[in-house]
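Heads up: the structure comes next, in structure tokens.
What follows is calculated from the coordinates using simple rules that are stated; it is not laboratory data. Keep in mind it's a predicted model, so treat the numbers as computed, not measured. With ideal geometry, Cβ positions are generated from the backbone for all residues, glycine too; neighbour counts draw on all protein chains shown.
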Amino acid sequence: MTTHPDPTPAWRRRARRSTLWSSLAGLALTLGAAATVWGWRGDLPDEVATHWGPGGTPDASMTVTGLVATAVATTVGLLALFAVVGLAWGSSASTRRTAAGAAVWSGGLGAALLLVTAGLQRGLDTPQAAELPGWALAVVLLAPLLPAVGAAALVPGDPALPAERPVAADAPRTTLTDSERAVWMGTARGGAALVLGIGAVVATTLLAVVAQLWATLLVPALLAVLFAAMFAFRVRVDATGFTVRSVLGWPGTHVPADEVVEASVTRVSPLGDFGGWGWRVGFDKGRVGVVLRSGEAVLVERTGGRGLVVTVDDAASAAALLNTMADRARADRTPG
Amino acid sequence: MLWTIDAGSDEPLYAQLVAQAHLAVARGDLSPGDRLPAARELATSLDLNVHTVLRAYQQLRDEGLVDLRRSRGAVITGAAATDLTAVEEALRTFVAAAREARLSPEATTTLLQEELKR
């Protein structure tokens, strides 16, 4: 008799499910808004303003059909992008969650763009009369976040999946006697990431101030929150397993000791391996990365084909202790 | 950094933490300005009472190794960086001599403890 290895890991099924419903939900949002705008055709000028220059005067316009087609095409393009991310790299629940949230956000963005752009121009004769109030940008950027957060929350987490094999015998260990308890604590913080983050916030702030588009100050404000959450992470290895959490408290994740297949030291290049800095999903097997600088990092291989890479100094100590804790977790499960 | 405690040791748990902080500073694993872990977090991870960790931090403060501040926790002081090269050299000589005399590790430790009590 031969046994066939499972050709599709369980996460692929979960990734297909979350990608399908989130893409459909995103598409439904944009198509619903498109149908609404289509119904407003009688109230809209032949050409609607689609872009406003500094000072709030319209400087580009297109037909209602063109507007609807552009918004739908943009949404479909974004949905395809996030579907690829979810399907190819969604081995961890956090990645599936982010991809599903991003898909619904894309649909919400298309819907908000359509409804705000067309809604402002109902009853106008020419697009030149269209005024863009300051709140429009805020609504377009922030409103889609609500359904996106809801969608992300709907994606189920990873079920418990304890490892079935012991940690490889040649993996590094920390020598501890039975009566010894240990914890390793470290911090992941950035070099280039920090500079880039501050640079982006300063640049977008200057842009908004120079152009006197005060509403666009929202962009650096959102970026600042994002970078603050990504700027430093605390890392802990103890009897419960491996924990990495932003110093702000979110985002973060925990790998239970009994789900650790093996921990090791690796070297990463944030741009080359993860396409950027911060909380990322990697090109290699959808490993989740908390990568704030290049160089030494701890790699935690987890059951279910998952992986987590965190850039910390002294990664060797962290990896060795985690392997020891993984041994202990297995010993606790099968006494004797 | 790595913190270990041995629940089977005769040495009090808080004293084990104090010793490790001193060692970490001596080795350069902790530098002035570095922060010790939050007492609650260290206690949870090592399955200790938080008062055990706080007692260790208080002793480290009394010894001048850390500043304790309500807002920032336990921060390694500038005065903490003591040069231990001479002590380490003397220890190596001591251990080598003990091995030469075929003393057991227990007997060697007892000798050291007796000397410390003088």
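Considering only A:V225, A:T19, B:G33, whose Cα is most displaced toward the positive end of the charge dipole of the protein assembly as shown, charges sitting on Cβ of Lys, Arg (+1) and Asp, Glu (-1)?
With unit charges placed on the Cβ atoms, the residue in question is A:T19.
Mind putting a number on the dipole of chain A about its Cα centre? Charges go on the C-beta only, +1 for Lys and Arg and -1 for Asp and Glu, and I need it in Debye to the nearest 20.
The dipole magnitude comes to about 560 debye.
Let me have the relative contact order for chain A, percent, based on Cα pairs under 8 Å that are six or more residues apart.
Relative contact order here is 17 percent.
With r as the distance between the Cβ atoms of A:A228 and A:L20 and R0 = 30 Å, compute the FRET efficiency 1/(1 + (r/R0)^6) and round to 0.05.
Efficiency at R0 = 30 Å is approximately 0.30.
Along Cα→Cβ, 7 Å out, is where each label goes; now give me the distance between the ones at A:L142 and B:L116 in nm to one decimal.
Going by the 7 Å Cα→Cβ label model, 6.0 nm.
Any idea what angle helix B:105-117 forms with the longest principal axis of chain B, computed on alpha-carbon atoms, 0 to 90 degrees, nearest 10?
The helix B:105-117 is inclined about 70 degrees to chain B.
In chain A, if every C-alpha pair distance is counted and binned at 20 Å from zero, what percent goes to each bin?
That works out to 26, 48, 21, 5, 0, in percent per bin.
Pick out, in residue order, every one of the GluC sites (Glu not before Pro) in segment A:239-312 that is DSSP loop and has at most 14 other C-beta atoms within 10 Å; say none if there are none.
Taking segment A:239-312 and a limit of 14 other Cβ atoms within 10 Å, no loop GluC sites (Glu not before Pro) are found.
With runs of 4+ DSSP H residues as the only contributors, calculate the mean residue ellipticity of chain A at 222 nm using -39,500 (n - 2.57) per run, divided by the residue total and rounded to the nearest 500.
Roughly -15500 deg cm²/dmol at 222 nm, from the helical runs in chain A.
On a full-extension model of 0.36 nm per residue, what is the gain between A:A203 and A:W38, subtracting their alpha-carbon distance, rounded to one decimal in nm?
That pair, A:A203 and A:W38, stretches by 55.6 nm at full extension.
Using only alpha carbons, build the gyration tensor for segment A:186-310 and give me the equivalent ellipsoid semi-axes, biggest first, whole Å.
32, 14, 12
Roughly how many Å is it from the Cα centre of segment A:207-223 to that of segment A:247-283, as a whole number?
First find each Cα centre; the distance between them is then 32 Å.
Can you list the DSSP H helices in chain A whose Cα atoms extend at least 15 Å along the helix axis and whose mean Kyte-Doolittle hydropathy is 1.6 or higher?
Long hydrophobic helices here: A:64-89, A:192-210, A:218-230.
So for the protein assembly as shown, taking the charge dipole from beta-carbon charges (+1 Lys/Arg, -1 Asp/Glu), which of B:Y57, A:V139, B:S71 sits furthest toward the positive end?
Most positive-ward Cα: A:V139.
Quick one: the Cα spread of segment B:13-80 along its three principal axes, in angstroms, biggest first?
29, 25, 19
Ranked from highest to lowest mean number of other Cβ atoms within 10 Å per residue, what is the order of the peptides A:60-68, B:13-21, B:25-33?
B:13-21, A:60-68, B:25-33
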